[in-house]
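Peer 1: Before I ask anything, here is the structure I am working with.
The values are calculated or read from the model by the stated rules, or taken from the named source; none is laboratory data. Keep in mind it's a predicted model, so treat the numbers as computed, not measured. Cβ sites come from the backbone with ideal geometry, for glycine too, and all protein chains shown count toward neighbours.
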Amino acid sequence: MSLLELTDVTRSVVLPDERVLEILRGITLTVDAGEHVSIVGRSGTGKSTLLNILGLLDSPTSGEYLLEGVSVARLSQRKRAWRRGEDFGFVFQQFNLMPGRTALENVAAPLMYARGRQFWKRRTLAAEMLDRVGLGDRLEDMPEKLSGGEQQRVAIARALVRGPRVILADEPTGALDVDTGGEVMALLDEIAAQTGAALIAITHDLAVAARAQRHYRLAGGVLVPIVLNAPGRVTEWVGDVPTDVPADLPADSPATVDEHGAVTA
Ligand SMILES: Nc1ncnc2c1ncn2[C@@H]1O[C@H](COP(=O)(O)OP(=O)(O)OP(=O)(O)O)[C@@H](O)[C@H]1O
Ligand SMILES: [Mg+2]
């Protein structure tokens, strides 16, 4: 059984003028435990909408979402909220840390909703997690005193402190310079791998996307598999989206990618 399984998931919203905006038109995606998946796509193509559905923050308009074989649509509000806290860790572009609270308090916050040992040992667990992201000596610092990269490392520690099965990252390096972004992503990959968590990362950054094992492009409301950095291929930008083309294609040929990831000129 897969960890996550989306079948033909759509998401539409009714606009104030009563027009219907079809954001997602039929998403089919399977993610197994420990897999790293990347999704690229232009602004406004529905990447955050998809991530919110995956993380139980939003619901599909139609289609099916199975979480460990259980239909999410059948969960009560309470059960949904509980599974969200238990199973998912979120990392956002704008770190979303609580100002005026120390790094330790920020990382311990999700454990306020945990039970048993996780609740009682929350400060110790938070300190351990901060140590793992290299901030063991910054426990009492406020976020506003930390650099962007350090703040994102605190956010990663917060996302991982409950041992989620799935890490959902929405443009995790979007607010960082290239080098810092690369370091933060390497750290996220490494900790996800150590804990066996699946990682689904949305990004505009090709280097970030390439770190995953499977790559998709979200366009026209559907996911298209793409190949990044395969031998014998060069990566090109089609529109604003990085896409691979065979190395023997002329550089200026208009390449397209079909639903199987094959590139034709
Ligand atoms: N609740 C809503 N009501 C109306 N429109 C919405 C709603 N949610 C999303 N949209 C629209 O749906 C589209 C997809 O939004 P979404 O935030 O998922 O895009 P995105 O791919 O994450 O974009 P970006 O790369 O800029 O973050 C956008 O045009 C957005 O304005
Ligand atoms: Mg977005």
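Each row is one residue, and each column tells you yes or no for (1) surrounded by fewer than 21 Cβ atoms within 10 Å (Cβ to Cβ); (2) within 16 Å of ligand 2 (Cβ to nearest atom); (3) modelled with pLDDT of 95 or more.
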site	(1), (2), (3)
Val9	no, no, yes
Ile27	no, yes, yes
Glu35	yes, no, yes
Arg42	yes, yes, no
Asn52	yes, yes, yes
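Peer 1: Which of the residues spanning region 187-212 are of a type outside the set (A, V, I, L, M, F, W, C), at pLDDT 90 or above and out of contact with any helix residue (DSSP H, G or I) (no Cβ under 8 Å at 6 or more places or on another chain)?
Peer 2: Pass one, region 187-212, residues of a type outside the set (A, V, I, L, M, F, W, C): 189-190, 194-196, 203-205, 211.
The next check asks that each one be at pLDDT 90 or above; those that pass are 189-190, 194-196.
Selection gives Asp189, Glu190, Gln194, Gly196.
Peer 1: For residues that are over 10 Å from Val222 (Cβ atoms) and either hydroxyl-bearing (Ser, Thr, Tyr) or within 16 Å of ligand 2 (Cβ to nearest atom) (or both), scanning just region 11-25, find the one that is surrounded by the most Cβ atoms within 10 Å (Cβ to Cβ).
Peer 2: So the first thing to find is which residues in region 11-25 are over 10 Å from Val222 (Cβ atoms), and the list is 11-23.
Filter once more, so that each one left must be either hydroxyl-bearing (Ser, Thr, Tyr) or within 16 Å of ligand 2 (Cβ to nearest atom) (or both): 11-13, 21, 23.
Values: Arg11: 22, Ser12: 15, Val13: 11, Leu21: 10, Ile23: 19.
Only one residue fits best here, namely Arg11.
Peer 1: Another question about this same structure. When you check Asp58 against the structure, is it within 10 Å of ligand 1 (Cβ to nearest atom) and either among the acidic types (Asp, Glu) or in contact (Cβ under 8 Å) with a residue 12 or more places away in the chain (or both), yes or no? Walk me through it before giving the result.
Peer 2: On the way: within 10 Å of ligand 1 (Cβ to nearest atom): yes; either among the acidic types (Asp, Glu) or in contact (Cβ under 8 Å) with a residue 12 or more places away in the chain (or both): yes.
Against the criterion (within 10 Å of ligand 1 (Cβ to nearest atom) and either among the acidic types (Asp, Glu) or in contact (Cβ under 8 Å) with a residue 12 or more places away in the chain (or both)), Asp58 qualifies.
Peer 1: Assuming Leu66 fulfils every condition listed in (1) among the hydrophobic types (A, V, I, L, M, F, W, C); (2) in contact with a strand residue (DSSP E or B) (Cβ under 6 Å, 6 or more places away or on another chain); (3) crowded, with 19+ Cβ neighbours inside 10 Å apart from one, which condition is it?
Peer 2: Tallying (1) among the hydrophobic types (A, V, I, L, M, F, W, C); (2) in contact with a strand residue (DSSP E or B) (Cβ under 6 Å, 6 or more places away or on another chain); (3) crowded, with 19+ Cβ neighbours inside 10 Å, Leu66 fails exactly one: (3).
Peer 1: Going by the conditions given, is Ser59 at pLDDT 95 or above, surrounded by fewer than 18 Cβ atoms within 10 Å (Cβ to Cβ) and in a loop (DSSP other than H, G, I, E, B)? Walk me through how you get there before you give the answer.
Peer 2: On the way: at pLDDT 95 or above: yes; surrounded by fewer than 18 Cβ atoms within 10 Å (Cβ to Cβ): yes; in a loop (DSSP other than H, G, I, E, B): yes.
In short, yes.
Peer 1: For region 54-86, enumerate the residues that are within 16 Å of ligand 2 (Cβ to nearest atom) and of a type in the set (Ser, Thr, Tyr).
Peer 2: Start the filter on region 54-86 by keeping residues that are within 16 Å of ligand 2 (Cβ to nearest atom), which leaves 54-55, 57-58.
Residues satisfying the conditions do not exist here.
Peer 1: Any residue at all in region 30-37 that's small (Gly, Ala, Ser), away from ligand 1 (no atom under 12 Å from the Cβ) and not in a loop (DSSP other than H, G, I, E, B)?
Peer 2: Within region 30-37, the subset small (Gly, Ala, Ser) is 33-34.
Add one more test, that the residue is away from ligand 1 (no atom under 12 Å from the Cβ), and what stays is 33-34.
Checking the rest, the ones that are also not in a loop (DSSP other than H, G, I, E, B) come to none.
No, because not a single residue in region 30-37 is small (Gly, Ala, Ser), away from ligand 1 (no atom under 12 Å from the Cβ) and not in a loop (DSSP other than H, G, I, E, B).
Peer 1: Okay, moving on. Being touching a residue at least 40 places away in the same chain (Cβ under 8 Å), within 16 Å of ligand 2 (Cβ to nearest atom) and of a type outside the set (A, V, I, L, M, F, W, C) is the requirement here; does Asp170 meet it?
Peer 2: yes
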